[in-house]
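The values are calculated or read from the model by the stated rules, or taken from the named source; none is laboratory data. What you see is a predicted model; the values in this text were computed from it and never measured. No Cβ is skipped: glycine too gets one built from the backbone with ideal geometry, and neighbour counts run over all protein chains shown.
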Amino acid sequence: MLHIINDYPLDSAIFERTSFGDTVLFTENAVYALKKGQAVLENLHNYLCHLNFCVLGTDLKNRGLSCSEIPGNVLVIDESDYRDIMENNMAIKSCN
């Protein structure tokens, strides 16, 4: 399942609704949660081992963040990858 998160700060209940192997896509202001040194990011490490985290590269850039400011195990995707993810995941939850 694909979970799209676009708001910051994050609601921890979002991650309680995920299952092993789900993909979590951080967009818009939610990308701030991935910035290294954030207390929120420390809490997300518990989920990184069983969820696939990804972020739109354009959203990082638009918010003044670089790839080096987020964990290495978060996949930075482009618009083409985004379309592929949307096509390959039948169920989508949008968390705002």
Kindly indicate which of 33, 39 is farther than 15 Å from residue 93 by Cα, touching a helix residue (DSSP H, G or I) at 6+ places or on another chain (Cβ under 9 Å) and among the small types (Gly, Ala, Ser). 33
Among the strands (runs of 3 or more DSSP E) contained in the chain, which hold 3 or more residues that are among the aliphatic types (A, V, I, L, M) and buried (at least 18 other Cβ atoms within 10 Å of the Cβ)? 2-5
Of all residues being of a type outside the set (D, E, K, R) and at pLDDT 85 or above in the range 33-47, which is farthest from the chain's Cα centre (by Cα)? Just the residue, please. 47
Of the residues 62, 73, 43, which is of a type in the set (S, T, N, Q) and under 15 Å from residue 5 (Cβ atoms)? 43
Is there any pair with a first residue in the range 8-25 that is at negative phi and a second that is in a loop (DSSP other than H, G, I, E, B) whose Cβ atoms are under 7 Å apart and which are 6 or more apart or on different chains, and what are they? 18/51; 19/1; 20/50; 22/1; 22/51; 23/89; 24/18; 24/51
